[in-house]
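So the structure is just underneath, and the comments pick up after that.
The values are calculated or read from the model by the stated rules, or taken from the named source; none is laboratory data. Everything numeric here is computed off the predicted structure, so don't read it as measured data. Neighbour counts are summed over all protein chains in view; Cβ atoms, including those assigned to glycine, are modelled from backbone coordinates with ideal geometry. These accessible areas exclude ligands, DNA and RNA; they are computed on the full protein's heavy atoms, side chains included. Shrake-Rupley method; radii C 1.70, N 1.55, O 1.52, S 1.80 Å.
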Amino acid sequence: MTEFRDFCYLHLEITVFQAPQSSYCLANNFDLFWTLTLNDKKVNAMNYEYSRKRLQSWLKYMRETYGRFGFLFVPELHKSGRIHFHGVTQGFSPPLIEARYPNNKRLIKKNGIQIYNAPKWKNGFSTVSMIQDREKASSYITKYITKDLIRTPSAYHQPRYFVSRGLKQPEITYEELPDEYFESFLPSFVVGRKESLGEPFEKEVSIYQIDITEDGEMMQLQPPETLYKLKQEKSSDGNQSFQ
């Protein structure tokens, strides 16, 4: 029961952090996508609190230097345990230089889009590109909040995303939809029961992560890998067990 409850709490926590990020991305006109890494010789990138303070200090200095601009940044935990940041900005025009391959000096492009470097980011390496699709940018931003980042000890009780004041808030509406509406979507988490080995699995609760386009259409930009939990009968002590 404890394992199941912890999983649900973690899943909910990730969803809670992802939801406002996606909303901010779709409701505002962000035009630059950023990746900011941290140089181990300059910053302790293994420590979340220290890393995020470096980011926040840089954002504050940029606003003082170039004026107010809108931003949303999120951390990503690399497999090595190091922290780096991804973000989007609007109304921000700092000096940028075209990124080039060090050997032949050819321009670096991704899917035909020029990549830039930001010389004002002194804490490590940087890449900047023009946003072509807000929905894809929203998907990129939200996917970086992972269970590994949530569980990082140095990130306990620390902000998990960084957003400027004054960004547009999306209009939120509620609608009750029939089960059939979700048949074309893949759930990320399913709880159900199985009476015996030969009986089919019966779904009882399904949790979905669904993206909403600017036109209000519901879709999954990145269909998840579904995790199934098997619900067991109550034990003699009255607790519900899961597998």
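Here Lys231 qualifies as surrounded by 13 or more Cβ atoms within 10 Å (Cβ to Cβ) and in contact (Cβ under 8 Å) with a residue 40 or more places away in the chain. State which residue is farthest from Glu183 (Cα to Cα) when the search covers only region 214-243 and only residues that are modelled with pLDDT under 75 and part of a strand (DSSP E or B). Among those residues, the one meeting the criterion is Phe242. Within region 113-137, the residues that satisfy the criterion of being assigned to a strand (DSSP E or B), in contact (Cβ under 8 Å) with a residue 60 or more places away in the chain and crowded, with 16+ Cβ neighbours inside 10 Å are Ser126, Thr127, Val128, Ser129.
Checking each residue in region 78-96 for being over 23 Å from Ser164 (Cβ atoms) and open to solvent by less than 90 Å² (accessible area, probe 1.4 Å) picks out Ser80, Gly81. The numbered conditions (1) within 16 Å of the chain's Cα centre (by Cα); (2) under 30 Å from Met218 (Cα atoms); (3) at pLDDT 90 or above are all true for Leu36 except (2). Of all residues in region 41-68, those satisfying the criterion of being closer than 18 Å to Pro119 by Cα, assigned to a loop (DSSP other than H, G, I, E, B) and either in contact (Cβ under 8 Å) with a residue 24 or more places away in the chain or open to solvent by less than 80 Å² (accessible area, probe 1.4 Å) (or both) are Lys42, Val43, Gly67.
When region 166-213 is filtered for residues that are in a helix (DSSP H, G or I) and open to solvent by less than 90 Å² (accessible area, probe 1.4 Å), only Phe182 remains.
Taken over region 67-101, the criterion of being small (Gly, Ala, Ser) and farther than 27 Å from Lys41 by Cα is satisfied by Gly67, Gly70, Gly91, Ser93. Is there a residue in region 76-96 that is charged (D, E, K, R) and farther than 26 Å from Ala27 by Cα? Yes, that holds for at least one residue. Screening region 97-112 for residues that are loosely packed, with under 13 Cβ neighbours inside 10 Å and either of a type in the set (A, V, I, L, M, F, W, C) or closer than 16 Å to Tyr66 by Cβ (or both) and picking the one that is farthest from the chain's Cα centre (by Cα) gives Leu107.
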